[in-house]
Amino acid sequence: MTAVAPILSARELSVWFPNGNGGLQALDRVSFDVAAQEFLAVVGPSGSGKTTLLRLLAGLLRPTHGEVQLEGETVRQPRRRTGFVFQQANLMPWRTVMANVELPLELEGASTNSMRARAEEMLTLVGLQGFADALPRNLSGGMAQRVALARALAHDPDLLLLDEPFGSLDALTRERMATELMRIWEARQVTVVLVTHSIPEAVMLADRVLVLSARPGRVVLDLPIHLPRPRELSVAHTADFGDLARQVREAIR
């Protein structure tokens, strides 16, 4: 059987930041592959370099050593086929929900009709089809993050990078958004790398969980999550889920 080449590869990634005292090392020789349409979650203690890793994958930061390859090409700058959702929605407050989702398409020079059709499709996907004309100030935190997700998906990315996208939400909204993210991923089957501080969220959402050590971040566990899909929240009460969460928690300790 022929092995399938990964869509995303990190090879020996190390990052040093200058600080006037010899430099601060954020990551140390981090390597992993991600298959097409796979959902990878990255967890680790605060300061372990999770966000730095995501910025490397996005081409927003260059590694001190090592390289990132996306579809066989070295990533040296942000790519059109990569979507990024930050912890804060970062919507433009003067633009409507529709206009925010249309923004990446507008920057690519898409026609008005195609932008509108695509934005409407994405708003329907995230359950906000009735809010096209709303302004960001009239949205809840969860709704704003749905808009940010719709915007990231608007240009049909091959890779979606999520940096603690639900971290600022209350527990109930966060749980609801995790359920929505599972639904959207199953509908679009885009490759996802999610950074999260929540072990249950990582186990619930991912096909694999990557655990980074304390700074400098190293891969200390690469754990497959063999829970059946589609997943319901009730799976969190099963013995298998509990065992997987325990393995992640022990690796972080």
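The values are calculated or read from the model by the stated rules, or taken from the named source; none is laboratory data. Just so it is clear, the structure is predicted and the values come from calculations on it, not from any experiment. Using ideal geometry, Cβ is built from the backbone for each residue, glycine included, and neighbour counts are taken over all protein chains shown.
Details
- Only listed residue being assigned to a loop (DSSP other than H, G, I, E, B), more than 18 Å from Ala206 (Cβ to Cβ) and either at pLDDT 95 or above or hydrophobic (A, V, I, L, M, F, W, C) (or both), chosen from Leu56, Leu27, Leu60: Leu60
- Options Val85, Val68: the member that is under 28 Å from Gly141 (Cα atoms), of a type in the set (A, V, I, L, M, F, W, C) and in contact (Cβ under 8 Å) with a residue 24 or more places away in the chain: Val85
- Close pairs (6 angstrom Cβ cut-off, 6 or more residues apart or separate chains): under 16 Å from Leu161 (Cβ atoms) in segment 3-29, assigned to a loop (DSSP other than H, G, I, E, B) and of a type in the set (A, V, I, L, M) anywhere: Pro6/Ala35; Ile7/Ala36
- Test: residue in segment 82-93 that is in a loop (DSSP other than H, G, I, E, B) and within 14 Å of Val193 (Cβ to Cβ): yes
- In the set (1) buried (at least 18 other Cβ atoms within 10 Å of the Cβ); (2) on the phi < 0 side of the Ramachandran plot, the condition left unmet by Gly167 is number (1).
- Qualifying residue in segment 142-162 (condition: of a type in the set (D, E, K, R), touching a strand residue (DSSP E or B) at 6+ places or on another chain (Cβ under 8 Å) and surrounded by fewer than 22 Cβ atoms within 10 Å (Cβ to Cβ)): yes
- The residues listed here are Val235, Val203, Val220; of these, the one that is touching a Phe, Trp or Tyr at 6+ places or on another chain (Cβ under 7 Å) and surrounded by fewer than 18 Cβ atoms within 10 Å (Cβ to Cβ) is Val235.
- The one condition from (1) assigned to a helix (DSSP H, G or I); (2) surrounded by fewer than 22 Cβ atoms within 10 Å (Cβ to Cβ) that Gly130 does not meet is (1).
- Inter-residue pairs, beta-carbon under 7 Å, first free of Cβ contacts under 8 Å to residues at least 40 places away in the same chain and more than 20 Å from Arg183 (Cα to Cα) and in segment 127-153, second surrounded by fewer than 21 Cβ atoms within 10 Å (Cβ to Cβ) and of a type in the set (Val, Ile, Thr), 6+ apart: Ala132/Thr96; Asp133/Thr96; Ala134/Thr96
- Residue within segment 34-55 that is of a type in the set (Lys, Arg), touching a residue at least 12 places away in the same chain (Cβ under 8 Å), in contact with a Leu (Cβ under 8 Å, 6 or more places away or on another chain) and more than 26 Å from Asp156 (Cα to Cα) present: no
- Boolean, Ala41 is within 19 Å of the chain's Cα centre (by Cα) and at pLDDT below 95: no
- Whichever residue in segment 63-73 is part of a strand (DSSP E or B) and surrounded by 15 or more Cβ atoms within 10 Å (Cβ to Cβ) and, among such residues, is farthest from the chain's Cα centre (by Cα): Gly66
- Condition check for Ser46: of a type in the set (Ser, Thr, Tyr) and either in a loop (DSSP other than H, G, I, E, B) or more than 19 Å from the chain's Cα centre (by Cα) (or both): yes
- All of Ala36, Ala26 fail the test of being under 24 Å from Glu250 (Cβ atoms) and either under 17 Å from the mean Cα position of the chain (by Cα) or surrounded by 15 or more Cβ atoms within 10 Å (Cβ to Cβ) (or both), apart from Ala26.
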